[in-house]
Every structure is written in C-alpha cells, then in structure tokens.
Ligand code: BDR
Ligand code: CA
C-alpha cells in the first residue's frame with residue numbers, strides 16, 4: 001500500500017522481463033502510488049504486452065491495478081519487436097498462469113489524458129519503459145496535459161554505448177523515433193536512463209541466486225527471467241550478465257543518488273539512413289542547444305541490486 005504523500009506515477013511499458021522487474025519494484029515500494037499501467041507494442045506485440053502486464057500484477061498480488069492497452073504500432077513506422085532477446089512471449093523464462101484480471105476498459109491514451117487532467121497539475125510522473133508511442137499520442141491529442149506532467153523518467157537511448165538494436169540506436173527510441181522526438185521536444189522535465197547506465201547494472205550469478213534465495217514467488221520469477229534474459233547479452237557482449245534496463249527508472253525514483261548524469265541537450269535522429277532513432281546527446285556541450293534532459297551516465301550497481309533485492313523480498 002502506498003504511504004501518505006506517495007509519488008503518483010503511471011508506468012508505460014512493453015513487458016519484457018526487465019519491464020517486469022521494474023513493475024515489481026514499483027509495486028513493492030510504498031513511496032510510489034502506481035495509478036495505472038499502460039501497455040504499448042514494443043518487445044512483443046500489444047496483445048502480449050497487455051497480457052504480460054496483467055500476469056506481473058497478479059504475481060505481485062495486485063489484481064486491482066488498472067492495466068490499459070494502448071497503441072499497437074509506432075506513429076509512422078512498422079513495428080519492430082525483440083523476441084530474439086525476450087523470447088516468443090516476451091516473458092520467457094518461467095511459465096506463469098494466464099491472467100484472470102480483465103484489461104481496464106479505457107484505451108491507454110485516454111487513461112493518460114484523463115488522469116493528467118483530473119489529478120493536480122505537476123503531481124503525476126510518467127515512467128516510460130518502452131517505445132514512446134502512447135505518451136506522444138496523448139501529448140499530440142491533448143496538448144493541455146503536457147504542462148501538467150511533473151516529470152518523465154524514461155529508459156531509452158545511449159551515448160557512449162551507442163546502439164543495441166542497430167549500431168547507432170537503442171531499441172525503445174529506434175522503434176518509434178517520431179514519438180521520441182515529440183517527448184524530447186515537449187518541454188516536460190526529462191530524466192533519461194540510457195544504455196550508458198543500464199549496462200553498468202549487470203546481473204551476476206550471485207545476484208540471480210540471491211533473488212532465488214529470497215524464497216518467495218516474486219524472487220523465483222525474477223531469478224528465472226534474468227536467467228533467461230542474460231543469455232542473449234552474455235553471448236553478444238561477452239560480459240558477466242545482462243543489464244536490468246527498465247528497473248533503473250523505478251530505482252531512480254526511490255534512490256536518485258544511485259545515479260549521476262548531466263543536464264544536456266538530447267535530440268532524436270528521425271531521418272538518418274543509418275542512424276534512425278539515435279539519441280544525439282550533447283554530453284560535451286558543443287552544440288550550444290538548450291538542455292532538455294538529465295541524461296544519466298553512472299550507476300551504483302551494488303546499491304541498485306541491494307535496493308532491488310530488498311524490495312522484491314517484500315512481495316508475495
Ligand atoms: C530496452 O529495450 C527493451 O528490450 C527493454 O525492455 C528495454 O526497455 C533496452 O534497450
Ligand atoms: Ca522495456
């Protein structure tokens with residue numbers, strides 16, 4: 001249960017094992033009041049992300065959480081998915097029961113618009129963990145809500161790590177660069193967790209076993225998901241484990257000091273032949289363009305895993 005004055009958030013997501021861990025972390029944290037979860041097409045198609053979001057809520061014992069299905073494709077492009085990373089279901093690694101809770105009736109975009117209009121201005125933080133299609137559609141359809149958003153804390157982009165889905169682009173931004181451009185130009189205060197940060201919070205054998213040893217069903221699921229998820233990254237990067245990308249967003253809300261970065265200008269490449277979806281991040285301040293984001297560069301991995309493990313241990 002959220003504590004009095006908990007921070008109100010909406011999680012916009014395309015689960016995805018790392019999205020799943022992020023959602024569990026949020027649901028385990030009384031400092032956060034999750035008003036709803038909005039699903040978007042990304043890692044897998046929308047019917048699966050909308051399903052997976054409910055599977056995760058039920059795993060956390062939160063079948064009361066409104067889960068809204070949103071946009072099933074990017075604004076102007078064909079959907080690119082990532083089954084090669086996340087498996088066919090998006091949540092491969094453990095078989096969980098089909099959800100019994102229904103989807104909430106409203107479309108995710110309507111839910112975003114209505115919630116931002118009905119809550120006090122500046123009181124709701126958006127937490128996008130996938131392509132930015134739902135958020136950009138809501139901003140385009142209802143420009144009056146843009147100034148009411150407290151902050152957007154998102155996972156996406158890269159500078160020093162450049163790309164993961166192409167040599168130049170990170171997946172979430174690559175899938176819908178036009179949507180990302182709308183969000184990055186919106187004027188809403190942005191905090192960005194790029195690959196530069198998420199590639200510093202790698203799973204290790206010991207970290208995974210610590211989740212398993214918690215002895216609860218959430219810990220078992222997190223260990224099974226990360227076991228599955230890390231194979232792809234170990235094969236690709238040759239490192240010790242997989243980056244837990246999306247939980248960085250929620251960890252930042254709980255413990256911002258785990259991360260550090262720079263207030264810089266970030267533009268989205270929408271036209272390049274080879275660089276579509278690149279986040280052109282002016283880390284060195286050479287462009288003269290105004291800062292529009294707090295772009296993170298460093299993370300305290302030990303602190304991150306300590307927080308995450310403690311909170312997952314509080315779940316059923
Ligand atoms: C991002 O893409 C997805 O595969 C992950 O869920 C994460 O949000 C990392 O590039
Ligand atoms: Ca994601």
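The values are calculated or read from the model by the stated rules, or taken from the named source; none is laboratory data. Fair warning: this is a prediction, and the values are worked out from it, not measured in the lab. Note: ideal-geometry Cβ built from the backbone for every residue, glycine included; neighbour counts use all protein chains shown.
Structural remarks
- The one condition in (1) at pLDDT below 95; (2) within 13 Å of ligand 2 (Cβ to nearest atom) that residue 162 fails to fulfil: (2)
- Test result for residue 173, near ligand 1 (Cβ under 9 Å from one of its atoms) and at pLDDT 95 or above: yes
- Unmet requirement for residue 98, which otherwise passes all of (1) crowded, with 18+ Cβ neighbours inside 10 Å; (2) touching a residue at least 40 places away in the same chain (Cβ under 8 Å): (1)
- Verdict on residue 112 being within 22 Å of the chain's Cα centre (by Cα), within 16 Å of ligand 2 (Cβ to nearest atom) and either touching a residue at least 24 places away in the same chain (Cβ under 8 Å) or not in a strand (DSSP E or B) (or both): no
- Index of the failed condition, residue 52 passing every other in (1) away from ligand 2 (no atom under 15 Å from the Cβ); (2) surrounded by 18 or more Cβ atoms within 10 Å (Cβ to Cβ); (3) assigned to a helix (DSSP H, G or I): (1)
- Out of 195, 258, 214, sole residue that is closer than 25 Å to residue 32 by Cα, touching a residue at least 12 places away in the same chain (Cβ under 8 Å) and within 16 Å of ligand 1 (Cβ to nearest atom): 195
The rows are residues; the columns are (1) within 14 Å of ligand 2 (Cβ to nearest atom); (2) in contact (Cβ under 8 Å) with a residue 24 or more places away in the chain; (3) at positive phi; (4) in a helix (DSSP H, G or I).
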| residue | (1), (2), (3), (4) |
| --- | --- |
| 144 | no, yes, no, yes |
| 147 | no, yes, no, yes |
| 153 | yes, yes, no, no |
| 180 | yes, yes, no, yes |
| 187 | no, yes, yes, no |
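- Among the conditions (1) within 16 Å of ligand 2 (Cβ to nearest atom); (2) touching a residue at least 60 places away in the same chain (Cβ under 8 Å), residue 60 misses just one, which is (1).
- Of all residues in the stretch 16-39, those satisfying the criterion of being part of a loop (DSSP other than H, G, I, E, B) and either touching a strand residue (DSSP E or B) at 6+ places or on another chain (Cβ under 6 Å) or surrounded by fewer than 24 Cβ atoms within 10 Å (Cβ to Cβ) (or both) are 28, 29, 30, 31.
- The sole residue among 163, 130 that is in contact with a helix residue (DSSP H, G or I) (Cβ under 6 Å, 6 or more places away or on another chain) and assigned to a loop (DSSP other than H, G, I, E, B) is 130.
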